[in-house]
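Structure, as structure tokens:
Every read-out reported here was derived from the displayed coordinates using simple, explicitly stated rules and does not represent laboratory data. Note that the coordinates shown come from a computational prediction; the quantities given were computed from them, not determined experimentally. Neighbour counts are summed over all protein chains in view; Cβ atoms, including those assigned to glycine, are modelled from backbone coordinates with ideal geometry.
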Amino acid sequence: MNYKIIRTKRKTLALHISSRDAMLTIRAPIGMSEDTIHRFIAQKSNWIRRKQTEISRQLEKHKPRQFIEGEQFLLAGRLYPLHIIPGAKPRVYLSNGEKIVMTEACLAAPRHYMEWFYKHQAKSMLVKRTAQIADKLGYTVKAVRINSARTRWGSCSMNSTINYSWRLVLLPWDAIDYVIIHELIHIDIKDHSRRFYARMLKLLPNYAEREKKLKEHSLAASIL
Ligand SMILES: [Zn+2]
């Protein structure tokens, strides 16, 4: 196991695994022996490995994408391999729910066509899901629109139209549903007051967990 030891004035050992590169850093008291440190790491090795694997998996999801055969693209929190096929007409589609197929013609402007694909997916996935959840919770939505916002997952206008960024469809369903419910509540309650969160708690008791998940996955929005 690779790690870096930093000697500090602290009294106890502390482990830190970077969320940037999964590297382990140990902060140790100045006088503590290497043996004691190694024993401590050995004791915690299962936890360290698990954490590092988890972070590596997240990093994998967030690295900038290349438009080459086998590259993985996110949709609803899942990675789908890209399959490039011959074709003079630009087309991108999900094949058998297994892979994202792109014709060679798209390679002239792959980002553009991938964005088109995501917007298309966002339209069908988010309209359908919003209707289902609104129906279940008793909300009436006037319309659902898709935009290209980078930092805002969704918004709700005064006339009950809900707007989502197409980037939302990259995230897991748990996080998507949280945003949908958040915007539905805004139909009645326009601010983030206590009333808003009381309603949220009633409709989605584990909303704090979902909010956390949304934050964790936010980087995914920057992959294109
Ligand atoms: Zn809000």
Inset, instruction - Would you compute the Debye intensity of the chain from its alpha-carbon atoms alone, equal scatterers and no solvent, and pass along log10 I(q)/I(0) at q = 0.07, 0.12, 0.16 Å⁻¹ to two decimals? - result: -0.34, -0.80, -1.05
Inset, instruction - At q = 0.21, 0.23 Å⁻¹, work out log10 I(q)/I(0) for the range 3-60 with the Debye formula, treating every Cα as an identical point scatterer and leaving solvent out; two decimals please. - result: -0.78, -0.88
Inset, instruction - Go through 106-117, 140-151, 4-15 and give me the packing order, highest mean Cβ count within 10 Å leading. - result: 106-117, 140-151, 4-15
Inset, instruction - Working from Cα positions, state the angle (0 to 90°, nearest 10) between the long axis of helix 34-43 and the longest principal axis of the chain. - result: 40 degrees
Inset, instruction - Determine the relative contact order of the range 72-222: mean sequence separation of Cα pairs under 8 Å and six or more apart, normalised by residue count, in whole percent. - result: 19 percent
Legend entry - Extension gain (nm, one decimal) between Asn159 and Leu137, 0.36 nm per residue minus Cα-Cα: 6.1 nm
Inset, instruction - Starting from the Cα of Lys89, draw a straight line to each of the aspartates and glutamates and keep only those under 15 Å, dropping any in the same chain fewer than 8 residues away. - result: Glu104
Inset, instruction - Report, ordered by chain and residue number, the aspartates and glutamates lying within cross-link reach of Lys119, taken as a straight Cα distance under 17 Å and ignoring same-chain residues fewer than 8 apart. - result: none
Legend entry - Pairwise FRET efficiency - Lys51 versus Lys11, Cβ, R0 = 25 Å, nearest 0.05: 0.60
Legend entry - Additional length obtainable on full extension of the chain from Ile37 to Leu59, 0.36 nm per residue less Cα span: 5.1 nm
Legend entry - Violating pairs (Cα-Cα greater than 19 angstrom) within the set Lys61/Lys215; Lys51/Lys213; Lys51/Lys212; Lys44/Lys213; Lys123/Lys190; Lys136/Lys202: Lys44/Lys213; Lys123/Lys190
Inset, instruction - Between Asp191 and Leu94, with labels modelled 7 Å along Cα→Cβ, what's the label distance in nm to one decimal, could you check? - result: 3.9 nm
Legend entry - Contact order relative to length of the range 1-131, as percent, for alpha carbon pairs under 8 angstrom and 6 or more apart: 13 percent
Inset, instruction - Please determine, in degrees from 0 to 90 and to the nearest 10, the orientation of helix 110-137 with respect to the longest principal axis defined by the Cα atoms of the chain, where the helix direction is its Cα long axis. - result: 80 degrees
